[in-house]
Amino acid sequence: DSVSEAWLFAFLVSWGGHAVGRVEKLLPLIRFPQMSRQELERVQASAMHGESAVLATLVGEAMETHGHESGQEEGGEGLFDACEVAAGAARSFLVNKERMIELHQHRDPLALSRRQPRQHPDTKELLYVSDGDTHGLLFYLGTNGHRSAFVNPSLTRVVETSTSAPHGRFTQPGSITSRQHVQTSYFDPQFDMRTGRKESWWQVDIGRRRRLQCNHYTLRHDSSSDFVRNWELRGSVDGKEWHVLRKHENDKTVSKPFQLASWPVNPNPNCRHGPRKHESQSNNSNNKFRLFRIVLTGPNASKMTTHRLCMCWFELYGYLEESPF
């Protein structure tokens, strides 16, 4: 069951009484951005808000997050940007010419966690650190939870991979989870009856016992110059209803053979792209999915094979839940 942050705040104030200094030490543990605007307004109206600079700062941080979200909802297309702004206050990713991402922590190490919903105690956090690191989901599954040497999880059937194209010499869906630098790896399109267009895609099924709330992902290009420009990361529970987790349009990040590149994925279940007409709205309010798919939605950088999806590496990050059965 979810924890009410407003209830936690009320309990903390009741426990601390008039000892503001005693309560202030614990206030950063309250996830104020998870409160509704009405709850935050009640906190602002409380006596402690006028007495505690710490509380005023935390509530201001939360109200700013709500302000970004509501402002972007009116614009529609910028909805994901609002979520990035909210998370970016705690961590900033500085990208240089070589596409190396340097992580900078906010002076308040709890700032990022306040913008994340509380997780079940058994949830495993798989935190993105850098491109090609060993902290992602597929590496975690391939090492049996970091307890053994890495073995491609597709080979051991821990995960199932599939693609839009028939298997061939250069079309091996299982090679994407091998962490190898495959020289030539591509997936050609097939006609999708729902969209009315050809789509190239690659998919991984992490298993019926697992769900991942994704907040970051990594791709690696193969040796070709058919660089991706227009694509989406989608998530699904059953393979029928899909959510767009990250949309790329004319994204020129990938510009070199064998280049690794990573992108944040909306961490807030209340900020997400609405489904397109061919996509169904599911009841998965926590954005926890079993299947993940990279879909080429427009031409790549090639002048010849414009609808070919070229990639040789994939990794996911976020919060993993595993059920025993």
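For a paramagnetic label modelled at 7 Å from the Cα of residue 150 toward its Cβ, which residues of region 156-178 fall within the zone defined by backbone nitrogen distances under 19 Å?
Correct set: 156-161, 172-178.
Compute the signed sum of charges (Lys and Arg +1, Asp and Glu -1) over the other residues within less than 9 Å, Cβ to Cβ, of residue 235. It would help to have the intermediate numbers written out before the result.
On the way: positive: 234, 288, 290, 293; negative: none.
Here the charged neighbours net out to +4.
To the nearest 0.05, how large is the calculated FRET efficiency for residue 64 and residue 129 if R₀ is 35 Å and r is the Cβ-Cβ distance? Each step should come with its number before you reach the end.
Numbers: r = 27 Å, r/R0 = 0.76.
For R0 = 35 Å, the calculated efficiency reads 0.85.
With a sphere of radius 12 Å drawn around the Cβ of residue 292, what net charge do the other residues whose Cβ falls strictly inside it have (Lys, Arg +1; Asp, Glu -1)?
Numbers: positive: 210, 211, 234, 246, 288, 290, 293; negative: 160, 205, 232, 315.
Net of charged neighbours comes to +3.
Over 18 Å between Cα atoms: which of 198/256; 256/303; 252/303 fall into that group? Don't skip to the answer; put the middle values down first.
Numbers: 198/256 26 Å; 256/303 16 Å; 252/303 15 Å.
Beyond 18 Å between Cα atoms: 198/256.
Length gain on complete extension for the stretch residue 157 to residue 44, per 0.36 nm per residue less the alpha carbon to alpha carbon distance? Before the final figure, lay out the partial values.
Working: separation 113, 0.36 × 113 = 40.68 nm, distance 5.28 nm.
Using 0.36 nm per residue and subtracting the Cα-Cα distance, I get 35.4 nm.
Principal axes first, then extents: for the Cα atoms of region 26-70, list largest minus smallest coordinate on each axis, whole Å, largest first.
That gives 29, 20, 13 Å along the principal axes, largest extent first.
Checking the a/c ratio against 1.5 first, then a/b against b/c, what shape does the Cα gyration tensor give for region 183-237? Please report the intermediate quantities before stating the final value.
On the way: a/c = 2.01, a/b = 1.24, b/c = 1.63.
Since a/c reaches 1.5 but b/c is at least a/b, the shape of region 183-237 is classed as oblate.
As a test of reading the structure, rank 32, 11 by solvent-accessible area (1.4 Å probe, protein chains only), most first. Mind showing how you got there, number by number?
Working: 32 0, 11 115 Å².
Order by accessible area, largest first: 11, 32.
Can you tell me the length gained on complete extension of the stretch residue 4 to residue 241, counting 0.36 nm per residue apart and subtracting the Cα distance?
On the way: separation 237, 0.36 × 237 = 85.32 nm, distance 2.94 nm.
Fully extending the segment from residue 4 to residue 241 adds 82.4 nm.
Evaluate the distance, in nm, between pseudo-label points positioned 7 Å from the Cα of residue 37 and of residue 322 along their respective Cα→Cβ axes.
That separation, rounded to one decimal, is 4.2 nm.
The values are calculated or read from the model by the stated rules, or taken from the named source; none is laboratory data. Treat the numbers as computed from the prediction; the structure is a model and nothing was measured. Virtual Cβ from ideal backbone geometry, glycine too; neighbours counted across all protein chains shown. Quick note on the areas: whole protein, heavy atoms, side chains included, nothing else; ligands and nucleic acids left out. Shrake-Rupley method; radii C 1.70, N 1.55, O 1.52, S 1.80 Å.
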